[in-house]
């Protein structure tokens with residue numbers, strides 16, 4: 001019988017660059033961020049500490065799911 005390893009800690013390997021790219025892409029898809037403003041917003045994201053960046057990443061994913069994808 002296979003186990004799902006619930007008792008083992010999760011590991012996520014993610015660079016800051018990957019997180020920032022994913023956040024900006026998610027916010028553009030959700031219609032929250034204009035594509036032309038993405039570069040400026042990337043500068044803001046670069047100033048965040050790692051924990052805040054992960055929180056924003058999770059929220060950006062939730063916004064994309066809640067709002068659907070805006071085709072640009």
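Since every read-out is calculated from the coordinates, none of them should be taken as a lab result. Note that this is a predicted model, so its numbers are computed, not measured. Every residue, glycine among them, receives a Cβ derived from its backbone with ideal geometry; neighbour counts consider all protein chains shown.
Go through the range 17-31 residue by residue and tally those that are assigned to a helix (DSSP H, G or I), surrounded by fewer than 17 Cβ atoms within 10 Å (Cβ to Cβ) and in contact (Cβ under 8 Å) with a residue 24 or more places away in the chain.
1
Is it true that residue 8 is surrounded by fewer than 10 Cβ atoms within 10 Å (Cβ to Cβ) and either farther than 13 Å from residue 59 by Cα or in contact with a helix residue (DSSP H, G or I) (Cβ under 8 Å, 6 or more places away or on another chain) (or both)?
yes
When residues of the range 42-52 are filtered for being closer than 17 Å to residue 28 by Cα and either within 9 Å of the chain's Cα centre (by Cα) or loosely packed, with under 12 Cβ neighbours inside 10 Å (or both), how many remain?
Of the residues in the range 42-52, 2 are closer than 17 Å to residue 28 by Cα and either within 9 Å of the chain's Cα centre (by Cα) or loosely packed, with under 12 Cβ neighbours inside 10 Å (or both).
Looking at the range 32-53 only, could you name the residues that are assigned to a helix (DSSP H, G or I) and free of Cβ contacts under 8 Å to residues at least 24 places away in the same chain?
36, 37, 38, 39, 40, 41, 42, 43, 44, 51, 52
Do you know which residues across the range 11-27 are in contact with a helix residue (DSSP H, G or I) (Cβ under 7 Å, 6 or more places away or on another chain) and under 13 Å from residue 61 (Cβ atoms)?
19, 22, 23, 24, 26, 27
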